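Report on one structure; see the data block that follows.
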Amino acid sequence: MSDSTGSPPVGAPASGCPAHASAVRLGGLEYQQTPAQLYRTLRQEHGAVAPVLLDGGIPAWFVLGYPEVCYVTSHDELFARDSRRWNQWPRIPDDWPLLPFVGYQPSVLFAEGPEHQRRAGVITQALEGVDQFELARECQSIAEQLIATFAGSGQAELMSMYAHVLPARGVLWMCGVEQGSADTEQLVDDLRISLDAGEGDDPVAAFVRVGERLARLVKEKRERPGPDVVSRMLLHPAGLGDEEIAQDLISVIAAAQQPTANWICNTLRLLLTDERFAVNVSGGRVSVGDALNEVLWLDTPMQAFIGRWAVRDTQLGGRLIREGDCLVLGLAAANTDPQIWPEAHVGQENSAHLSFSSGEHRCPYPAPLLADVMARTAVETLLEHLPDLVLAVDAKELTWRPSIWMRGLTSLPVRFTPSAR
């Protein structure tokens with residue numbers, strides 16, 4: 001995937017590609033801290049589909065409109081998931097930071113047609129075997145263990161000490177991974193890095209380590225199956241091989257861990273900073289459900305997804321999309337599309353958001369329900385044990401992680417009355 005001889009230099013618009021003089025680079029401080037403003041600007045200048053530049057000046061289309069995102073995700077015959085169609089591969093270097101997202105893998109994430117249905121069916125049945133009440137009890141136990149580590153200090157940084165850890169342990173528990181080992185903690189950290197790398201992180205290396213660890217897990221469960229997601233995938237009559245299951249586990253675990261962590265932390269931020277919720281935060285349960293749903297509309301944990309690739313030349317939002325062009329799904333932009341919220345008011349009235357995407361490649365049922373169990377349990381348990389929880393800094397001092405894909409805080413420092421637990 002290195003640059004081939006004669007190809008245009010990275011950063012220069014290729015012939016027939018969507019990049020042109022008005023293309024906007026996806027990234028930078030504006031996107032990180034105030035993406036809603038960038039979405040408004042893109043809509044004003046380009047409409048529902050905007051030309052953008054990814055890392056290294058690689059061109060793509062950014063789909064902002066709610067109807068347009070729904071159209072793309074419901075027409076796999078036009079916008080498919082197999083990234084090998086991409087017309088920009090000759091210009092992609094081997095160390096490109098987005099390779100973990102777009103580099104083709106023989107997994108459910110890139111599968112199409114009957115093969116995708118087969119792979120997704122295995123995942124769905126395996127997840128359906130998770131007892132949601134048992135998961136809630138396990139997450140409550142995890143939450144209480146984590147709270148006990150900082151309850152006596154009267155202060156905590158909830159992103160790293162709580163929101164990030166709980167769903168990681170929860171999803172690994174569902175997969176039958178031994179809890180508490182150094183190996184498990186390394187897996188948790190590598191998942192975070194591969195999805196949402198910070199300064200100094202190597203997402204490609206982390207992604208490789210995740211794959212190696214999950215391959216070992218599948219082998220262990222093949223030899224000693226148990227009442228867990230991995231074992232149910234192995235025993236499914238579709239007869240997936242170990243490598244296929246290991247690849248699909250990467251998608252399952254990654255989708256459950258970091259996005260749910262951001263969902264938890266973004267919800268806590270809303271509860272602690274919005275006066276509409278402040279009156280009801282004490283005691284925990286009154287407005288947690290409303291806050292969880294509102295976050296999925298306004299600060300969705302997965303704000304953009306790469307991507308879809310055009311199967312042939314087609315039209316979308318008044319744009320000519322060439323065969324092999326890459327489309328980035330602007331899930332957060334679509335959720336705040338003025339066409340569906342004409343009064344600029346996004347409320348809690350329904351769950352028609354696109355935070356779990358839509359169409360055949362959306363998060364498989366019942367994954368959103370399991371994520372909700374983890375997030376709701378995390379928020380409610382924290383507020384029940386620490387009812388006088390408040391921010392330790394001014395709300396304006398909170399900053400967002402430098403990611404165009406995930407929407408999550410760099411930290412959420414809080415203080416509360418110390419308690420002996």
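Among the residues here, Ser411 does not qualify as closer than 26 Å to Glu30 by Cα, open to solvent by 20 Å² or more (accessible area, probe 1.4 Å) and in contact with a Cys (Cβ under 7 Å, 6 or more places away or on another chain).
In the range 171-227, of all residues being part of a helix (DSSP H, G or I) and small (Gly, Ala, Ser), the one that is farthest from Glu243 (Cα to Cα) corresponds to Ala182. Across the range 155-170, which residue is surrounded by the most Cβ atoms within 10 Å (Cβ to Cβ) among those that are farther than 15 Å from Trp263 by Cα and modelled with pLDDT of 95 or more? Among those that are farther than 15 Å from Trp263 by Cα and modelled with pLDDT of 95 or more, it is Ala156. Pairs linking a residue in the range 352-381 that is surrounded by 22 or more Cβ atoms within 10 Å (Cβ to Cβ) to a residue that is among the aromatic types (Phe, Trp, Tyr) and assigned to a helix (DSSP H, G or I), with Cβ atoms under 8 Å and 6 or more positions apart or on different chains, are His353/Trp297; Leu354/Tyr66; Ser355/Trp297; Ala371/Trp263; Ala375/Trp263; Ala378/Tyr162. Cβ-Cβ contacts under 6 Å between residues 6 or more apart (or on different chains), taken from a first residue in the range 294-306 that is in contact (Cβ under 8 Å) with a residue 12 or more places away in the chain to a second residue that is open to solvent by less than 10 Å² (accessible area, probe 1.4 Å) and in a strand (DSSP E or B), are listed as Ala304/Val328; Phe305/Leu329; Ile306/Val328.
Listed here are the residues, each with its yes/no results for (1) outside any loop (DSSP other than H, G, I, E, B); (2) over 17 Å from the mean Cα position of the chain (by Cα); (3) under 26 Å from Ala126 (Cβ atoms); (4) at pLDDT 95 or above.
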| site | (1), (2), (3), (4) |
| --- | --- |
| Leu320 | yes, yes, no, yes |
| Trp341 | no, yes, no, no |
| Ala344 | no, yes, no, no |
| Ser351 | no, yes, yes, no |
| Gly359 | no, no, yes, no |
| Met374 | yes, no, yes, yes |
| Thr377 | yes, yes, yes, yes |
| Leu383 | yes, yes, no, no |
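Identify the residue in the range 304-316 that is of a type outside the set (A, V, I, L, M) and either touching a Pro at 6+ places or on another chain (Cβ under 8 Å) or open to solvent by less than 40 Å² (accessible area, probe 1.4 Å) (or both) and, among all such residues, is nearest to Arg401 (Cα to Cα). Applying the filter and picking the extreme gives Gly307.
Kindly establish whether Arg81 is touching a residue at least 40 places away in the same chain (Cβ under 8 Å), within 30 Å of Leu234 (Cβ to Cβ) and open to solvent by less than 20 Å² (accessible area, probe 1.4 Å). For Arg81, the condition - touching a residue at least 40 places away in the same chain (Cβ under 8 Å), within 30 Å of Leu234 (Cβ to Cβ) and open to solvent by less than 20 Å² (accessible area, probe 1.4 Å) - is met.
Checked against the criteria, Ile264 counts as modelled with pLDDT of 95 or more, touching a Leu at 6+ places or on another chain (Cβ under 9 Å), surrounded by 14 or more Cβ atoms within 10 Å (Cβ to Cβ) and not aromatic (Phe, Trp, Tyr).
Checking the stated criteria, Asp248 turns out not to satisfy the condition of being part of a helix (DSSP H, G or I), at negative phi and open to solvent by 40 Å² or more (accessible area, probe 1.4 Å).
Scanning the range 117-145 for residues that are of a type in the set (A, V, I, L, M), open to solvent by 10 Å² or more (accessible area, probe 1.4 Å) and over 17 Å from Val230 (Cβ atoms) returns a single hit, Ala136. Restricting attention to the range 94-116, which residues are over 16 Å from Cys326 (Cβ atoms) and touching a residue at least 60 places away in the same chain (Cβ under 8 Å)? Passing the criteria: Asp94, Asp95, Gln105, Pro106, Ser107, Val108, His116.
The values are calculated or read from the model by the stated rules, or taken from the named source; none is laboratory data. Just so you know, these numbers come straight off a predicted model, no measurement behind them. For neighbour counting, all protein chains shown are included, and Cβ atoms are generated from backbone atoms with ideal geometry for every residue, glycine included. Just the protein is used for accessible areas: all its heavy atoms, side chains included, with ligands, DNA and RNA removed. Shrake-Rupley method; radii C 1.70, N 1.55, O 1.52, S 1.80 Å.
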